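Quick notes on the structure that follows.
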Amino acid sequence: MNEKIAVIGAGLIGRAWAIVFARAGCSVAIYDAVPEALSACTKLLHDNISDLARHGLITETPEVVLARIKPAKTLAEALKGAALVQENVKETVEVKRQIFAEMDKLAEPGAILTSSTSWIPTSEFSEHLPGRHRILVAHPVNPPYLVPLVELAPAPWTSEETVKRAHDIYTRAGQSPVLLKKEITGFLLNRIQGAVLNEALNLYENGYASSEDLDKVLKDGLGLRWSFMGPFETIDLNAPEGVIDYAKRYGHTYRDVAKTQLPNEWDAATLKQIEDERRKVLKADQLEERSRWRDNRLMGLVVHKRKQAV
Ligand SMILES: NC(=O)c1ccc[n+]([C@@H]2O[C@H](COP(=O)([O-])OP(=O)(O)OC[C@H]3O[C@@H](n4cnc5c(N)ncnc54)[C@H](O)[C@@H]3O)[C@@H](O)[C@H]2O)c1
């Protein structure tokens, strides 16, 4: 790839996007309103890219990939010549409205403007902008250089051509785009993650299992399968004659259970109890090290998946 990409916001997600695009060969300009965030960025990028190299997940040296990422002093400098702008700043509607208004003024006329927002529909921050046809959500999963899914969630006024071009750019950058056919808060992934969290919190709060055992249900149970097939393929294979056969056998029970799965209130006392249990197995000062361990485990899994047939 030889497009220039602008990454706005050099926090956790902005840095990770910079790696995705630099790894694919793009020149990347990264900008942050806080200069210290930009200066801290180079070492963090170097560590992450070196981890990728150790797992054989980049074909070039870390130095070559890192050299494609250049800090920009201003938003205008970052946007100059960029074919796609990936925004990764604070998650509030007001901040997104402001940054998109500025970017729409400064970006090249043909540039696509995307947001990494986890929850906010495109129409909430693009409606009144002259360039609203070229704006859409491109929601990644942390970290996008390891987890390839990107949710493309256009507004009703985002042009088809913009969506097609964005789909093409993310695909060529090695990501796995999915398209939302209409807008919804939280898109697909966080809504599904929310449903799982809601039930895990309910089961914990009502005393059915410890937080450790509920985590095991996913990591030693459902999650193993989920790393290579989704819920529909799972039920297609879990009854001899496929989806309808599965529904005949178990559908009524799922329906009855669903009626008991009420919205959880994310009660402070419950969360404190879970946090206390977590701090017994992982001290607060070990969180960062454990995050790096998680990323390294993910890299091993990505390597394994790449060796398998689709
Ligand atoms: N953290 C996740 O797991 C995750 C996953 C997917 C999507 N996202 C989304 O990505 C976005 C960024 O999240 P994050 O976790 O990287 O946050 P973060 O706090 O790590 O980084 C945000 C960065 O944006 C900078 N910033 C704030 N206002 C700015 C402005 N006006 N111009 C330029 N820079 C500005 C901040 O200085 C900071 O460095 C959010 O919208 C979030 O919802 C996060």
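Listed values, structure above:
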{"quantity": "Percent of beta bridges antiparallel (DSSP, the chain, rounded to nearest 5)", "calculated": "20 percent"}
{"quantity": "MRE, 222 nm, helices only [DSSP H, n ≥ 4, -39500 (n - 2.57), over the chain, to nearest 500]", "calculated": "-16000 deg cm²/dmol"}
{"quantity": "Cα gyration tensor, the stretch 162-310 - rounded (a/c under 1.5), prolate or oblate", "calculated": "oblate"}
{"quantity": "Amide hydrogen neighbours beyond the local backbone of ILE30, cut-off 5 Å, H modeled", "calculated": "VAL7, LYS70, ALA72"}
{"quantity": "Restraint check, LYS96/LYS283; LYS96/LYS181; LYS80/LYS307, Cα-Cα greater than 28 Å", "calculated": "LYS96/LYS283; LYS80/LYS307"}
{"quantity": "At R0 = 35 Å, FRET efficiency that the Cβ-Cβ distance of THR234 and TRP157 yields, to 0.05", "calculated": "0.45"}
{"quantity": "³J(HN,Hα), Karplus 6.51/-1.76/1.60, whole Hz, each residue of the stretch 178-187, x for Gly, Pro", "calculated": "10, 10, 7, 6, 8, 6, 7, 4, x, 6"}
{"quantity": "Highest-first arrangement of 15-24, 249-258, 56-65, 99-108, where packing means the average Cβ count within 10 Å", "calculated": "15-24, 99-108, 56-65, 249-258"}
{"quantity": "Extension gain, ALA209 back to LYS181 (0.36 nm per residue minus Cα-Cα distance, nm)", "calculated": "6.3 nm"}
{"quantity": "Mean Cβ neighbour count within 10 Å, used as a protection proxy, ranking 68-78, 229-239 highest first", "calculated": "68-78, 229-239"}
{"quantity": "Built amide H within the under 5 Å cut-off of ILE112, gap 5+", "calculated": "LEU84, VAL85"}
{"quantity": "Quarter of Cα convex hull surface for the chain, i.e. mean projection, nm²", "calculated": "18.1 nm²"}
{"quantity": "Over 31 Å (Cα to Cα) - which of LYS4/LYS219; LYS248/LYS305; LYS4/LYS43; LYS90/LYS259; LYS216/LYS272; LYS105/LYS305 fall in this group", "calculated": "LYS4/LYS219; LYS248/LYS305; LYS90/LYS259; LYS105/LYS305"}
{"quantity": "Gain on full stretching of the segment that runs from ALA269 to TRP119 - 0.36 nm per residue minus C-alpha separation", "calculated": "51.5 nm"}
{"quantity": "Cα-derived Rg over Rh, computed across the stretch 4-179 with Rh taken as Kirkwood radius", "calculated": "0.94"}
{"quantity": "Projected label distance in nm at VAL64 and VAL281, using a 7 Å step from Cα toward the beta-carbon", "calculated": "4.1 nm"}
{"quantity": "The stretch 215-281: proportion of alpha-carbon pairs further apart than 16 angstrom, %", "calculated": "69 percent"}
{"quantity": "Backbone HN-Hα couplings from phi across the stretch 223-233 [Karplus 6.51/-1.76/1.60, Hz, Gly and Pro as x]", "calculated": "x, 4, 6, 5, 6, 9, 8, x, x, 6, 5"}
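Where a number appears in this text, it was derived from the coordinates with a stated rule and is not lab data. As the structure is a prediction and not an experimental result, all values here were calculated from the model. As a convention, Cβ positions derive from the backbone with ideal geometry for all residues, glycine included, and neighbour counts pool all protein chains shown.
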